[in-house]
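Undergrad: Structure provided below as structure tokens; questions to follow.
The values are calculated or read from the model by the stated rules, or taken from the named source; none is laboratory data. Note that the coordinates shown come from a computational prediction; the quantities given were computed from them, not determined experimentally. FYI the Cβ positions are ideal-geometry reconstructions off the backbone, even for glycines, and counts take in every protein chain you see. Note: areas computed on protein heavy atoms with side chains; ligands, DNA, RNA excluded. Shrake-Rupley method; radii C 1.70, N 1.55, O 1.52, S 1.80 Å.
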There are 2 protein chains.
Amino acid sequence: MSLIVQKFGGSSVADAESIKRVAKRIVETRKAGNEVVVAVSAMGDTTDELLDLAHEVAPIPAPRELDMLMSAGERISMALLAMAIESMGHTARSFTGSQAGMITDAQHGAARIVDVTPVRLREALDEGAIVIVAGFQGFNRDTKDITTLGRGGSDTTAVALAAALDADVCEIYTDVDGIFTMDPRVVPKAKKLDVISSEEMLELAANGAKVLYIRAVEYARRHGVTLHVRSSFNNNLGTIVYDPENPAAAAFAAAHLKSIRSASAQGTESESAMEEPMIAGVATDLSEAKITVVGVPDVPGKAAQIFTIVAKSGANIDMIVQNVSSSTGLTDISFTLPKSDGQAALTALRAEQEAVAFKSLAYDDQIGKLALVGAGMRTNAGVSAKLFTALYESGINIEMISTSEIRISVVTRADTINDAVRAIHTAFGLDGDADAVVHAGTGR
Amino acid sequence: MSLIVQKFGGSSVADAESIKRVAKRIVETRKAGNEVVVAVSAMGDTTDELLDLAHEVAPIPAPRELDMLMSAGERISMALLAMAIESMGHTARSFTGSQAGMITDAQHGAARIVDVTPVRLREALDEGAIVIVAGFQGFNRDTKDITTLGRGGSDTTAVALAAALDADVCEIYTDVDGIFTMDPRVVPKAKKLDVISSEEMLELAANGAKVLYIRAVEYARRHGVTLHVRSSFNNNLGTIVYDPENPAAAAFAAAHLKSIRSASAQGTESESAMEEPMIAGVATDLSEAKITVVGVPDVPGKAAQIFTIVAKSGANIDMIVQNVSSSTGLTDISFTLPKSDGQAALTALRAEQEAVAFKSLAYDDQIGKLALVGAGMRTNAGVSAKLFTALYESGINIEMISTSEIRISVVTRADTINDAVRAIHTAFGLDGDADAVVHAGTGR
């Protein structure tokens, strides 16, 4: 008997009809002979409505109380989902984050999982029940308070449960058919990937791909959880995110490819899919801004000083580039960060201008970031050359470059980012055979 | 330092503005030097909305999941209330039923409190915090599941907390100024009572007075909790419900009367209020139906047989009257019960018609019940005579009579009940000096 963890986001349980549809899907998985654990988000706009209420009664809501408030949303959806399943004649039991043993630190609003003790879930499974767990929420042992996991929390709940229960696979249901080489809204011919390594997925998520949250991907990679990202609107097989070095995961991915192949009329097309493609996908991100610290003395320790100041402001830094030092003995240091962190970082830097001895600050929030990800580029020296050529031929200027072993990121003007993506997609032969039907949405 | 428990119902926290108003009131109580524990219901129509959703996904929702669902409502209101208080610069902490130590049996939807262990509340109070507790909900130790207390659950939560924390008083905030001799909607000249004994209040609540739930009154009486029923829309002193034989409670009631007297311009009016009035009030109830078991053999054991059958059907019986036995050796037994229990009781009786050997069943749901309550009638033999005379003079027919030491209940036609009440109110001199301004609503 396999154990399958399934995650359904807020749009999949937005109303009574959707809940019944999801319940039917869960029951089918159970009837196929699997043990089933489900992580569910709050219904549709519930979270936003609760947040609005909170801000109406308190300009800055107390974090402990905000978590208590927010956690009510999943209690509602999980109880409704369990009822719907029970009324179909199957046994279901819902559990809050704390009942499910989702132990976190005490950082309200963005708690980290420190332990998962799913004793009650295991008991319920042993009794033959389908288990429904509130996503997004946890419990701190010391304060005994309810916590929430922050953005993408339900994905993380699902992956953490899959790890703790040693599930065979963690299915993430979403409104697209899987992971695409590129956002199908920008590149209609974007190809759905049948499989992708967790390492590549991590780079894609870190660089703006919205289907999976980076935190859930990280957790899955660290704990060896195989993911299956698929649509809740059809029964198509989606994308397997797995660790190729784990034999069980590799076997799972191979079986998945075999199923896709046998489902397809022409078996030839997917034949070579297990060969490592050079490029897994392209991700873009328009949510960042660039700060340039101009005229920094070119002496050791200055970068450390600057980024200590920025870190203290609470800003999360992404790319860092130090431009070539000029003959003046001064250098410019540029970095990107979420636009929402921009003001805090600027204020912090301005306050220390004298200590750092820089000349000025430049802020640019009209940038776009583009990342090319693929394990294959490790062994393909020509990838960056091909990328830069494609951009050059489309007349797109590159403002920053940063690379890892399996990723190349470039910053361009925000308004050229879509042209850039299309040019790259074509240059690397990523265009699929048919237009992608479903548009990519934001995962919850 | 006094410890005050306050209960606010759903209409008092219906929206953000109401929540802020309630928060202000709580803060004022804290600023006056009291420790404050608040039991709060779900916002306005939340409970009904959640119930509707439940019935949309499942015709008969699983009871465990229904309780999980319902308990979300109070989580929302309590967190919002705590936030609102915190944003006024005071420390507040919200607790769910299980966090508050509200231990119940496992009867979902109508759980009974078996223990209250408010350890975390006491700790929070000792740290100077205002404590907010979710009304209506509890926790079963064996199943580790969330339960709800059923109708009037938040009143019961408040009273149980007051008992467990040895509070000085439990304030029940409602939309009327206190307990009235009669529903002010029916008798505009109904008088507000300044004090009432818990025994009398129990009879009033048991006979249909809606301001307090009988269960909460029972709990308060059994555990010696003094109640103060008052309006959340003004600062008027309300009605103290107390045990006159408890010296501390009697002192509290006396102080309350003194405050009312000093607040009133003419001190004379309330001067005699501590004297026991003959009649405390009149309650009506249109929610019951009458079943008559016709033609029962007049032999011992038949009543026991009938009421065992009815009890097994789950119906709650109120009044029982066995009519005078006729010369046929047959008798009729009539009883009243909630209309909602009527069908179950009829079905159960029909199934046993042969065993009981009765002739037929009559069902009547057009009855009205009226109860006259007052400790004073213990020593006033003429009360029932006066009551029956008043009804006779108004042309109202009495169908059933049942009495206790401090109460006389009669059943009449439903459509004559208001005329009956007005006649009695006048006959017993209960009319107040001014029309009651606020209309009575249903307590939550």
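Undergrad: Would you mind telling me the antiparallel percentage of the DSSP bridges in the protein assembly as shown, rounded to 5? Let's see the in-between values first.
TA: Details: 86 of 143 bridges.
Given both bridge residues lie in the protein assembly as shown, the antiparallel proportion sits at roughly 60 percent.
Undergrad: How many percent of the alpha carbon pairs in the range A:50-122 exceed a separation of 15 Å? Please report the intermediate quantities before stating the final value.
TA: Values: 1702 of 2628 pairs.
Within the range A:50-122, distances greater than 15 Å cover 65 percent of Cα pairs.
Undergrad: Let me ask something additional. Output, in nm with one decimal and in ascending order, the distances from the A:L330 label point to the matching label points of the other copies (7 Å from Cα along Cα-to-Cβ).
TA: Values, ascending and in nm: 11.3.
Undergrad: I want to verify a result. In a Gaussian network model of chain A, Cα cutoff 10 Å, which of these has the top mean-square fluctuation: A:I424, A:I132, A:I60?
TA: A:I60
Undergrad: Please report the residue of chain A with the smallest beta-carbon distance to the A-to-B rotation axis, and give that distance in Å, no decimals.
TA: For chain A, the closest residue to the axis carrying it onto B is A:A72, 2.
Undergrad: Using a 1.4 angstrom probe and counting only protein chains, how large is the accessible area of B:K20 in Å², to 10?
TA: For B:K20, the solvent-accessible surface is approximately 60 Å².
Undergrad: With the cut-off at 18 Å, report for the range B:165-236 the share of all Cα pairs above it, as a whole percent.
TA: 37
Undergrad: If you don't mind, another one. What are the nm distances, shortest first, from A:S262 to its equivalents in the other copies, labels at 7 Å along Cα→Cβ?
TA: List, nearest first: 8.9 nm.
Undergrad: Rank B:G374, B:G109, B:G208 by mean-square fluctuation in a GNM of chain B with C-alpha springs under 10 angstrom and give only the top-ranked residue.
TA: Fluctuation is largest for B:G109.
Undergrad: Once you put a point 7 Å from the Cα of A:I320 and another 7 Å from the Cα of A:A255, both along the Cβ direction, what distance in nm separates them?
TA: Label at A:I320, label at A:A255, 4.5 nm between them.
Undergrad: Next question, about the same structure. Kindly give the distances from A:A250 to its copy-mates, label point to label point, with each label point 7 Å from Cα along Cα→Cβ, as nm values to one decimal ordered shortest first.
TA: When each copy's label point is compared with this one, the spacings are 8.8 nm.
Undergrad: Give the percent of DSSP beta bridges with both residues in the range B:3-276 that are antiparallel, rounded to the nearest 5. It would help to have the intermediate numbers written out before the result.
TA: Working: 10 of 39 bridges.
Rounded to the nearest five, the antiparallel share is 25 percent.
Undergrad: Provide a whole-number value for the mean count of partner chain Cβ atoms within 10 Å of the Cβ atoms in peptide B:48-57. Numbers along the way, then the final one.
TA: On the way: counts 0, 1, 3, 0, 1, 9, 7, 2, 8, 17.
Average per residue, whole number: 5.
Undergrad: Let me ask another. Given the protein chains as shown and a 1.4 Å probe, how many square angstrom of B:D364 are accessible, to the nearest 10?
TA: 30
Undergrad: Mind checking the alpha-carbon convex hull of chain A and giving the volume per residue in Å³?
TA: Numbers: hull volume 72.1 nm³, N = 444.
Enclosed volume per residue, from the Cα hull, is 162 Å³.
Undergrad: Ignoring everything but the protein chains, give the 1.4 Å probe accessible area of A:H425 in square angstrom, nearest 10.
TA: Accessible surface of A:H425 is approximately 0 Å².
Undergrad: Determine the shielding of peptide A:249-257 by partner chains: average, over its residues, the number of Cβ atoms on other chains within 10 angstrom of each Cβ.
TA: Values: counts 0, 0, 0, 0, 0, 0, 0, 0, 0.
The per-residue average across the peptide is 0.
Undergrad: Could you tell me what a quarter of the Cα convex hull surface of the protein assembly as shown works out to, in nm² with one decimal place?
TA: On the way: hull surface 188.8 nm².
Mean projected area for the protein assembly as shown: 47.2 nm², to one decimal.
Undergrad: If you don't mind, another one. Once label points are set 7 Å from the Cα along Cα→Cβ at both B:I60 and A:Q343, what is their separation, rounded to one decimal in nm?
TA: Taking the two extended label points, one gets 5.7 nm.
Undergrad: Ranked by accessible surface with a 1.4 Å probe, highest first, in what order do A:T29, A:T239 come? All intermediate terms of the calculation are to be shown ahead of the outcome.
TA: Values: A:T29 20, A:T239 0 Å².
Descending order: A:T29, A:T239.
Undergrad: Using all alpha carbons of the range A:279-427, what is the percent of pairwise distances in each 5 Å bin, ordered from the shortest bin to the longest?
TA: Binned Cα distances yield the sequence 2, 9, 19, 18, 17, 14, 11, 7, 2, 0.
Undergrad: Please identify, among A:A205, A:A58, A:A250, the residue showing maximal mean-square fluctuation in a Gaussian network model of chain A using a 10 angstrom Cα cutoff.
TA: The residue that fluctuates most here is A:A58.
Undergrad: For chain B, what is the mean residue ellipticity at 222 nm derived from helices alone (per DSSP H run of n ≥ 4: -39500 (n - 2.57); sum divided by total residues; nearest 500 deg cm²/dmol)? Numbers along the way, then the final one.
TA: Values: 13 runs with 157 residues, N = 444.
Result for chain B, helices only: -11000 deg cm²/dmol.
Undergrad: While we're here: Please find the FRET efficiency linking B:A385 to B:D45, where r is the Cβ-Cβ separation and R0 is fixed at 30 Å, and quote it to the nearest 0.05. Please report the intermediate quantities before stating the final value.
TA: On the way: r = 47 Å, r/R0 = 1.56.
Plugging the Cβ-Cβ distance into 1/(1 + (r/R0)^6) gives 0.05.
Undergrad: Under the definition of partner shielding as Cβ atoms of other protein chains within 10 Å of a residue Cβ, what is the mean value for peptide A:86-94? Each step should come with its number before you reach the end.
TA: Working: counts 8, 8, 1, 0, 0, 1, 3, 5, 7.
Neighbouring Cβ atoms belonging to other protein chains average 4 per residue here.
Undergrad: In the neighborhood of A:A72, defined by Cβ-to-Cβ distances under 12 Å, what is the net charge if each Lys or Arg adds +1 and each Asp or Glu adds -1? Don't skip to the end; give the middle numbers.
TA: On the way: positive: A:R75, B:R75; negative: A:E49, A:E65, A:D67, A:E74, B:E74.
Result for the neighbourhood of A:A72: -3.
Undergrad: Suppose R0 equals 60 Å; then what is the FRET efficiency for B:A32 and A:A304 from their Cβ-Cβ distance, rounded to the nearest 0.05?
TA: Working: r = 55 Å, r/R0 = 0.92.
Calculated transfer efficiency: 0.60.
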